[in-house]
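Comments concern the structure below.
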Amino acid sequence: MNSPWNFRWIPVRPIVFTSFLLAVWTSPLRATVDESHDYCMEAATPFVEQGFIVREDYWNGEVKSGQKLMISHQLFKGNEYAFWLGSASSGVQMDIKVFDEKGQPLSMDKKTQEHFMSVRVNPPKTGTYKIVFELKSKDSTESVLWALSYGYR
Amino acid sequence: MAAPQGTQGVQNFDPLAFPGQVVDDVVVPVPSEVFSVLDKLGEPNWNHEIREVDIPTSSDRTRLSLLFGYVVAEGFVAVQAEDKEAVKEAGRDVISLAKALGLSKSVLPHAQSILDAADRSDWKAIRKEFDRTQQTVRVTMEEMKDADLSQCVSLGGWLRGTASVTSVVKKAFSADRAELLNQPMLVEHFVATIGKMPASTREHDLLRSIRKGLDAVLERMESAVDGFTKDAVADIGITCERLLSEITTAKK
């Protein structure tokens with residue numbers, strides 16, 4: 001009777017253990033990805049009070065500290081836009097720039113707090129804009145989880 | 001050429017020489033982002049833009065996904081017109097399409113919120129809920145490894161939104177209104193997305209037709225260097241309307 005049980009236990013245990021480790025290891029990571037978006041929404045709260053409509057879709061990911069990221073996005077002249085960049089990691093320095101189709105930077109109002117920053121832009125023309133941003137953690141070898149949301153009014 | 005005295009020469013940003021990581025994901029604007037600008041530029045009669053969508057009986061998931069996006073965009077038009085009944089109609093269409101796509105469970109709470117908010121005439125909440133509905137459906141589709149269908153939802157919505165914009169712009173043409181059609185990146189995104197789909201999906205009659213139509217729209221957008229003419233706006237509108245009509249025409 002013992003033999004079959006022992007035979008079964010040997011292969012099963014590592015799988016269970018690995019699953020357990022995976023669950024333990026990935027849960028905080030998942031939470032952190034969601035947390036980055038939560039910080040975006042925290043940044044958006046005062047904007048909503050000012051009439052901004054927050055989009056449900058957003059960008060997110062993980063990036064090496066200091067690595068710049070670029071997103072192409074359609075903006076419409078006549079709307080005011082706000083972008084909110086969030087990271088669950090502490091002590092991350094953030095920056096966002098927005099460039100028009102000719103590569104000219106747009107002037108914008110920036111505000112930074114722990115875990116998030118917000119910028120507001122009034123696109124001078126309707127078209128494709130490049131949103132360039134970076135997140136620098138204290139430890140330059142560390143990767144940083146991020147989320148970027150936007151709203152308009 | 002030297003920069004003028006007293007000013008600092010500013011080097012333009014060149015996206016092609018960008019040394020960092022390019023994020024390929026494209027967030028497609030919801031129709032109300034464009035509609036809100038049209039409202040600021042005048043007072044379009046959005047009631048004239050509402051239309052009844054005849055939902056064909058179909059088990060073709062590509063068509064159903066395109067229709068889903070179309071119906072959600074129709075909901076945005078109804079909100080802009082502040083027409084309760086039209087919003088509810090769009091909400092009911094959302095429910096029936098979600099059922100046909102096997103996504104009732106994730107969509108029903110949103111659809112119910114739309115119907116409830118329509119009773120309260122809470123237009124802001126309805127806009128939010130239509131956006132959530134579309135996002136939920138796309139995320140659920142992606143989780144079910146149906147990323148292609150998720151893109152079809154965005155595509156259907158974009159076609160309906162753009163058809164409404166061209167209709168409003170044609171009725172009161174101005175350069176500022178017409179400029180709202182300067183969206184070549186989005187069209188390129190849709191063309192590229194269709195191009196990356198597996199052959200079986202890419203060769204779907206509807207998607208082949210849409211791809212051709214998008215090529216024509218892109219050509220119009222790219223040739224509008226000095227702004228969009230009335231003819232260009234009309235042409236884009238005709239193409240979008242034709243594609244929408246193909247989406248709603250059921251094949252037996």
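The values are calculated or read from the model by the stated rules, or taken from the named source; none is laboratory data. Note that the structure is predicted; figures quoted are calculated from it, not measured. Cβ atoms come from the backbone with ideal geometry, glycine included; neighbour counts cover every protein chain shown. Accessible surface areas use protein heavy atoms only, side chains included; no ligands, DNA or RNA. Shrake-Rupley method; radii C 1.70, N 1.55, O 1.52, S 1.80 Å.
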Report task. Among the numbered conditions (1) free of Cβ contacts under 8 Å to residues at least 24 places away in the same chain; (2) more than 28 Å from residue B:220 (Cβ to Cβ); (3) touching a helix residue (DSSP H, G or I) at 6+ places or on another chain (Cβ under 7 Å), tell me where residue B:109 comes up short. Result -> (3)
Query raised in the report: How many residues, within the range A:75-91, are more than 18 Å from residue A:125 (Cβ to Cβ) and of a type in the set (A, V, I, L, M, F, W, C)?
Result: 4
**Report entry** Verdict on residue B:109 being out of contact with any strand residue (DSSP E or B) (no Cβ under 9 Å at 6 or more places or on another chain) and either at pLDDT 95 or above or surrounded by fewer than 24 Cβ atoms within 10 Å (Cβ to Cβ) (or both)
**Finding:** yes
Query raised in the report: When you look at residue B:52, is it free of Cβ contacts under 8 Å to residues at least 40 places away in the same chain and more than 14 Å from every other protein chain (Cβ to nearest Cβ), yes or no?
Result: yes
Query raised in the report: Which residue pairs have Cβ atoms closer than 9 Å, lie 6 or more positions apart in sequence or on different chains, and pair a first residue in the range B:30-42 that is facing chain A (nearest Cβ under 9 Å) with a second residue that is polar (S, T, N, Q) and surrounded by fewer than 16 Cβ atoms within 10 Å (Cβ to Cβ)?
Result: B:41/B:174
Query raised in the report: Where in the range A:59-153 are there strands (runs of 3 or more DSSP E), lying wholly inside it, with at least 3 residues that are within 11 Å of chain B (Cβ to nearest Cβ)?
Result: A:59-64, A:69-75, A:93-99, A:127-136, A:143-152
Report task. Name the single residue, out of those in the range B:114-126 being under 24 Å from the mean Cα position of the chain (by Cα) and over 22 Å from residue A:153 (Cβ atoms), that is most open to solvent (accessible area, probe 1.4 Å). Result -> B:115
Query - Cβ pairs under 6 Å, 6+ apart, first in the range B:182-203 and closer than 23 Å to residue B:232 by Cα and within 14 Å of chain A (Cβ to nearest Cβ), second part of a helix (DSSP H, G or I) and among the β-branched types (Val, Ile, Thr) - result: B:187/B:217
Requested in this report: Return yes when residue B:128 is farther than 28 Å from residue B:196 by Cβ and away from chain A (no Cβ under 14 Å) and no when it is not.
Outcome: no
Query raised in the report: From the set of residues in the range B:146-181 that are away from chain A (no Cβ under 12 Å) and not in a helix (DSSP H, G or I), which is nearest to residue B:103 (Cα to Cα)?
Result: B:146
Report summary line: Just one listed residue, out of A:114, A:49, A:56, is within 17 Å of the chain's Cα centre (by Cα) and free of Cβ contacts under 8 Å to residues at least 12 places away in the same chain, and it is A:56
